[in-house]
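Here the structure is laid out as structure tokens; the discussion comes afterwards.
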């Protein structure tokens, strides 16, 4: 997984955009930007320092799955500077790219599932693909 692939995968999700609330070095991927140029208060589903070596990405995760992933994969650790119950950080140099993409999609689904129904429908999200 390289930085461009990670960014492209995150931005390919419906309603996703990149923001920089923590400075230009940290890409924060959010969903559901408000219309009309209002301040960007979308919901975060991924955070990465895309120029970092090694490339890492922090992703929201179901608490039980988060724990299981950490136990099974040394490249997955508790979310760096995040709620360690709900966030994991994946080292993209260690964790297989397809797994990082699955985790990215799961993170997005968790965030979108918590949005009001009208917002989920506006995104065209049904949750059926992930069983949510």
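Computed quantities for the displayed model
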read-out: Total residues in the stretch 95-119, condition surrounded by fewer than 13 Cβ atoms within 10 Å (Cβ to Cβ) and either in contact with a helix residue (DSSP H, G or I) (Cβ under 6 Å, 6 or more places away or on another chain) or outside any helix (DSSP H, G or I) (or both); value: 2
read-out: Which listed residue is buried (at least 19 other Cβ atoms within 10 Å of the Cβ), touching a strand residue (DSSP E or B) at 6+ places or on another chain (Cβ under 8 Å), farther than 26 Å from residue 123 by Cβ and without any contact (Cβ under 8 Å) to a residue 60 or more places away in the chain, from 84, 60, 56; value: 56
read-out: Condition met for residue 14 (in contact with a helix residue (DSSP H, G or I) (Cβ under 6 Å, 6 or more places away or on another chain), surrounded by fewer than 18 Cβ atoms within 10 Å (Cβ to Cβ) and in a loop (DSSP other than H, G, I, E, B)); value: yes
read-out: Residues satisfying the stated conditions in the stretch 98-121, i.e. free of Cβ contacts under 8 Å to residues at least 12 places away in the same chain and over 19 Å from residue 73 (Cβ atoms); value: 116, 117, 118, 120, 121
read-out: Close pairs (6 angstrom Cβ cut-off, 6 or more residues apart or separate chains): more than 19 Å from residue 125 (Cβ to Cβ) in the stretch 22-46, modelled with pLDDT of 90 or more and assigned to a loop (DSSP other than H, G, I, E, B) anywhere; value: 25/49; 26/49; 27/50; 28/21
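This table checks each residue for (1) in a strand (DSSP E or B); (2) closer than 15 Å to residue 104 by Cα; (3) at pLDDT 95 or above.
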{"site": "45", "(1), (2), (3)": "yes, yes, yes"}
{"site": "52", "(1), (2), (3)": "no, no, no"}
{"site": "57", "(1), (2), (3)": "yes, yes, yes"}
{"site": "64", "(1), (2), (3)": "no, no, yes"}
{"site": "69", "(1), (2), (3)": "no, yes, yes"}
{"site": "80", "(1), (2), (3)": "no, no, no"}
{"site": "84", "(1), (2), (3)": "no, no, no"}
{"site": "88", "(1), (2), (3)": "yes, yes, yes"}
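The values are calculated or read from the model by the stated rules, or taken from the named source; none is laboratory data. Every value quoted in this text rests on a predicted model; they were computed, and no experiment measured them. Positions of Cβ are backbone-derived with ideal geometry, glycine not excepted, and every protein chain shown enters the neighbour counts.
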